[in-house]
There are 4 protein chains.
Amino acid sequence: MIVVMKPGATKEQIQHVVDVVNDYGLKDHVIYGTDRTVIACLGDKRSVDKGAIENAPMVEKVVPILAPYKMASLEVKREKSIIEIGPERFPLGSNKVGIIAGPCAVESREQLMASARAVKKAGCIGLRGGAFKPRTSPYSFQGMGEEGLKLLAEAREETGLAVVTEVIGLEQVEVVAKYADVLQVGARNMQHYPLLEALGKVDKPVLLKRGMSARLDEFLLAAEYIISAGNGKVILCERGIRTFEEYVRNTLPLTAVAELNDKTHLPVIVDPSHGTGHAHLVPSMSTAAVAAGADGLIIECHPDPEHATSDGAQSITPASLDKLMKRLKRVAQAIDRDL
Amino acid sequence: MIVVMKPGATKEQIQHVVDVVNDYGLKDHVIYGTDRTVIACLGDKRSVDKGAIENAPMVEKVVPILAPYKMASLEVKREKSIIEIGPERFPLGSNKVGIIAGPCAVESREQLMASARAVKKAGCIGLRGGAFKPRTSPYSFQGMGEEGLKLLAEAREETGLAVVTEVIGLEQVEVVAKYADVLQVGARNMQHYPLLEALGKVDKPVLLKRGMSARLDEFLLAAEYIISAGNGKVILCERGIRTFEEYVRNTLPLTAVAELNDKTHLPVIVDPSHGTGHAHLVPSMSTAAVAAGADGLIIECHPDPEHATSDGAQSITPASLDKLMKRLKRVAQAIDRDL
Amino acid sequence: MIVVMKPGATKEQIQHVVDVVNDYGLKDHVIYGTDRTVIACLGDKRSVDKGAIENAPMVEKVVPILAPYKMASLEVKREKSIIEIGPERFPLGSNKVGIIAGPCAVESREQLMASARAVKKAGCIGLRGGAFKPRTSPYSFQGMGEEGLKLLAEAREETGLAVVTEVIGLEQVEVVAKYADVLQVGARNMQHYPLLEALGKVDKPVLLKRGMSARLDEFLLAAEYIISAGNGKVILCERGIRTFEEYVRNTLPLTAVAELNDKTHLPVIVDPSHGTGHAHLVPSMSTAAVAAGADGLIIECHPDPEHATSDGAQSITPASLDKLMKRLKRVAQAIDRDL
Amino acid sequence: MIVVMKPGATKEQIQHVVDVVNDYGLKDHVIYGTDRTVIACLGDKRSVDKGAIENAPMVEKVVPILAPYKMASLEVKREKSIIEIGPERFPLGSNKVGIIAGPCAVESREQLMASARAVKKAGCIGLRGGAFKPRTSPYSFQGMGEEGLKLLAEAREETGLAVVTEVIGLEQVEVVAKYADVLQVGARNMQHYPLLEALGKVDKPVLLKRGMSARLDEFLLAAEYIISAGNGKVILCERGIRTFEEYVRNTLPLTAVAELNDKTHLPVIVDPSHGTGHAHLVPSMSTAAVAAGADGLIIECHPDPEHATSDGAQSITPASLDKLMKRLKRVAQAIDRDL
């Protein structure tokens, strides 16, 4: 941590900051520059609230030096984590790129089975589908609940696909863990800490979506909550951020894939459906995500998007998925990976 | 809902959209313009997913006409809701502006009592203080739990201040409702629907903070979750949004106060502490918020900000609060309100 | 400047950075911390591109310490600058708050004279009105040009109001300076450096609008261009930033007023018209801006907004302006200022 | 244009809006819905200021239907425009992807020639390099001016590369057009209309960068300024937008590539250097951009980034460029294009 004093800070004011720094168990190292005095604070104390020091008189700013997360960082574990998912133990995070697809919500046996077969046939490794749906409006379809989970399990039985489904509250962790292969935390829940802690006690992979305005540090700290509670099998998922852009539902910052690969050992996948909000943009952004180095994708695919109960605008058809998978394979190979 | 077709849409494509619109129970009204065909969809159906229609061939965009919320809107209830809070039944939403203040977290009896007395003496009507703390990092102080709630109740006993404190998960609703006068939903939980629904069943006011990247419609829909579950006593709180600005923790859009006053009957308050992140900006933004028409403020105030366990940078001292309250009173009177 | 090395940086890599730092004429001061090595760079060199050093191997980040601007800063000039404007030499930046109002564009003698009289009668000190209009679309009304400037001068003649009008290119500086009292740089031109330099050679006040996504440092650096070219009479104007909010044309961050007052001696005014985009939000945000400490406002006011050639949505009527001015006076007095 | 009335609008208020609509030369078509009345306005009038109508009493909002641009749109010209650049007439917009690279600024003959040879050798088709530099700070290096242009021309002579360089003001159009093959408009100048109009009269391709907070409509309207002034050879360049993300200089929204391909016939290229701000992110984002369907890239490459006068952090070395080009070729081929 570096404390920068305002110009004109007196000796007493500098000493006062040194005292506060020492109070927090940190060693001080004062540097007198041409215009400013700077106090370097030595010691590994991630728990000190830098804000407290910022409130001392004549402090201009406090700059943290250490990353706030540990267990999620490459500093602690240098080789990439490979997380096996589903009955066929697909190694996510390996050289093989894993594609998960399926409808936004489980709506009926027909709809889900049709989806699952199409997804399998196209070469995907996982089936997505929401049984509990977090909806912006209380008047929207809220999901089929446990009934939906049973259908997902049935689809796995038939196809061998890994089941990926969302858990929206602490109270559902148990039931979702009973049926799912991968438990998904939605973007709105990325900082719902009681849920993260509960998932830290489950022995199944967690797919953690980035909050729509989360900084990467906050994203990795959310992962850290799960890991530090005992579950190291965290898959990070970039799904777009909220910006001023209005032609998309979210802006998809693929740079996050490269930056996360530089900072963490956890696998990183991309959701091009929420990341764009429009079916016509999904194929190009899926391709770009694989080219950017994503370890996988999670794509919304519905047999009849015009009658979907949710996310119709961003769901592609099975025919589109089929065509897309062929292209993704070629691009993966062009960067020395495979599907 | 208005469906705008792309130029060059054929008769069949237009008819297809009309069919889909009718499938959803809406009546169509087709308008053939110079360049575009537009289909107005008549009927009060907030539950139709406009995205589904957007996926039909040659649809350019779908524009919703109705606001997605009802019970929170001025259309349903035209006069402002007044919500009484605390043992002294302060009428929030009336002509009187109510100021709530206190530390970010309850840290000890000494710290809390010192805060409560200062807050009372300055003329505030409520005491804030977190007993359960949602913290970005798992390594930060997580709050005193029920012990903290008991201290808050004790402070109310002595001062008569209304106790405002956060509930961070479904599982704490009962215990927090036992001690608090107002249950706060933090910005990170604005879209945690199970929690909102549970609070809809509590007979106490809920202070709902705007998510840091929530649109106003989403904010009002979150309120709608609580109201439609049975609890109409919702207080909206603007606490700043995430933007590219880096000299503040959040950008405080006071326009939201005026716009919400134009859209909803619910009282609207402002949190200038999170809304700026820096103690030196709190007084001017508090003053501006009252001038903009806020029904109240919630301010972080700590007897010793340099040693606060959280939010030290944005906590003002009791002496600052005292001075600020005098100014707020004058400004309130200048716009024909009072403190 | 502080250079933070990645963990695991070798002695050679640290020495290499020290060499680069020395190449730039800076002295190094190396601090070996628990996890990281940090290199403090001493010397007043605002011109070094920190990016260059960031590219050296094993550098994690480079943190600048000095503010990049000098002449605009409070460090160089501690007392507030008072800038006199118009024939009546209104002291902007003094304890008196100055209100400028008028139409977006000069459309005709009738429209401008009606506006000017209303603006004067309401108690404003300046008349705004565009003669050269920067328009997003080439198909929109582009302004009356010099004819408009002449009308503005005529209005000043009659009313004594200061004329504030925009200059959109280098080639118009001369003609605009001939007629106007204050030369306005629009938000789109905040970083058009040739224009800023040209205005640095004019002996008239410049009203510099913040770019819609400019950081405060960039805003002050734009002012620095004008000041360092010879013209210290720069008025800063906050006019809203682009964010994800969609109920407003721009998000108006009044915190910028307080922060700028903390960083620069230049007067700071607010444009609540562009800052909101909607007439119904202008009164409350005008009031809030004065309460936040603005030295002035610039408001769009049109005798017939429904037929305005531009910015009709955000223009208030003369009757609204009249009522608003009375309220602003009371609020200014409540914070010990005046109109 | 669709005018949505507020609920409770009276017959007279609706008639008033109809009158205003008619005043603007548009035909009205009134639709009485369940809750709202909506007025569809028929007629091709891109020049009407929708804001003016928004100001009429009881109007809730005005929704534009037509895209505001024409000549840049696919509606006017359905096949992709191919723009030939440089002495070797590289067809930008064809199936071949064109890579432009070079230093941020021309610093010396040695630096430029070394760059040009490396760029040529790697297989690029254009050389970038700034002779006039728009710099955020007046204290930064401002470029070599015409001397730099001469060096660029010399480099073209030797290598056959197309010269791409920025023109920062109206007054330099002539001199830059004398030496350059492609005239670049920087992000800060995207809405500097006098410059756009002047470039509309030049018979050379213009590379137009998207402003860092420009919406796509505004970007295409900027292109429309150039085209409608007479020059149809406009190349669009996505270079990143400003968001809350702080680990990058800008957030690079590759979705813009796909969306622009859906809206305009103009070629679209990507600048991964400004789009990330960090050399270590450039290779993955270059690859992703090609995969997303970009017609070209413009990359900053410097023989000695640690001593670059500007943009050192985001410049890759010749060795990196070389390696990257091989990968780009394979990815282009995987999507049935080529380099």
Among what's in segment C:145-168 and is under 17 Å from the mean Cα position of the chain (by Cα) and not charged (D, E, K, R), pick the residue that is farthest from C:PHE132 (Cα to Cα).
C:VAL164
Counting only residues that are farther than 22 Å from A:HIS307 by Cβ and not in a helix (DSSP H, G or I), segment A:159-177 contains a total of 8
Take segment D:196-215 and flag every residue that is acidic (Asp, Glu) and either touching a Leu at 6+ places or on another chain (Cβ under 7 Å) or within 14 Å of chain C (Cβ to nearest Cβ) (or both).
D:GLU197
Scan of segment A:19-37 for residues that are buried (at least 19 other Cβ atoms within 10 Å of the Cβ), among the hydrophobic types (A, V, I, L, M, F, W, C) and within 19 Å of C:ALA40 (Cβ to Cβ), ordered by number
A:VAL21, A:LEU26
Of the residues in segment D:221-248, those that are more than 14 Å from D:GLU197 (Cβ to Cβ) and touching a helix residue (DSSP H, G or I) at 6+ places or on another chain (Cβ under 7 Å) come to D:LEU236, D:GLU238, D:ARG239, D:TYR247, D:VAL248
Single unsatisfied condition, A:GLN184 versus (1) at pLDDT 95 or above; (2) over 18 Å from A:GLU300 (Cβ atoms):
(2)
Filter pass, A:SER115 being hydroxyl-bearing (Ser, Thr, Tyr), in a helix (DSSP H, G or I) and under 25 Å from A:GLY277 (Cα atoms):
yes
Within segment C:187-218, count every residue that is of a type outside the set (D, E, K, R), free of Cβ contacts under 8 Å to residues at least 40 places away in the same chain and not in a strand (DSSP E or B).
15
Residues located in segment C:87-102, provided they are assigned to a loop (DSSP other than H, G, I, E, B) and either within 14 Å of chain A (Cβ to nearest Cβ) or under 19 Å from the mean Cα position of the chain (by Cα) (or both)
C:GLY93, C:SER94, C:VAL97
Is it true that some residue in segment D:144-156 is surrounded by 16 or more Cβ atoms within 10 Å (Cβ to Cβ) and in contact (Cβ under 8 Å) with a residue 60 or more places away in the chain?
yes
Over segment C:124-140, the set of residues aromatic (Phe, Trp, Tyr) and under 19 Å from C:VAL185 (Cα atoms) is C:PHE132
Given (1) under 23 Å from D:GLU246 (Cα atoms); (2) touching a helix residue (DSSP H, G or I) at 6+ places or on another chain (Cβ under 7 Å); (3) among the β-branched types (Val, Ile, Thr), where does D:ILE298 come up short, assuming only one miss?
(2)
Being farther than 18 Å from C:ASP181 by Cα and touching a Lys or Arg at 6+ places or on another chain (Cβ under 7 Å) is the filter here; which residues of segment C:194-215 pass it?
C:ARG210, C:MET212, C:SER213
Would you confirm, using the coordinates I've provided, whether A:SER320 is assigned by TED's automatic domain parsing to the domain that holds A:GLY130 and out of contact with any Phe, Trp or Tyr (no Cβ under 9 Å at 6 or more places or on another chain)?
yes
Would you mention how many residues in segment B:122-158 are more than 14 Å from chain A (Cβ to nearest Cβ), within 24 Å of B:CYS237 (Cα to Cα) and not in a loop (DSSP other than H, G, I, E, B)?
9
Do the conditions hold for D:ALA52, that is, is it within 7 Å of another protein chain (Cβ to nearest Cβ), under 38 Å from the mean Cα position of the chain (by Cα) and either of a type in the set (Asp, Glu) or assigned to a strand (DSSP E or B) (or both)?
no
Qualifying residue in segment A:169-184 (condition: farther than 29 Å from B:VAL173 by Cβ and out of contact with any Leu (no Cβ under 8 Å at 6 or more places or on another chain))
yes
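The values are calculated or read from the model by the stated rules, or taken from the named source; none is laboratory data. Here the structure is a predicted model, which means the values were calculated and not measured. Heads up, the Cβs are rebuilt from the backbone with ideal geometry, glycines too, and the neighbour counts pull from every protein chain shown.
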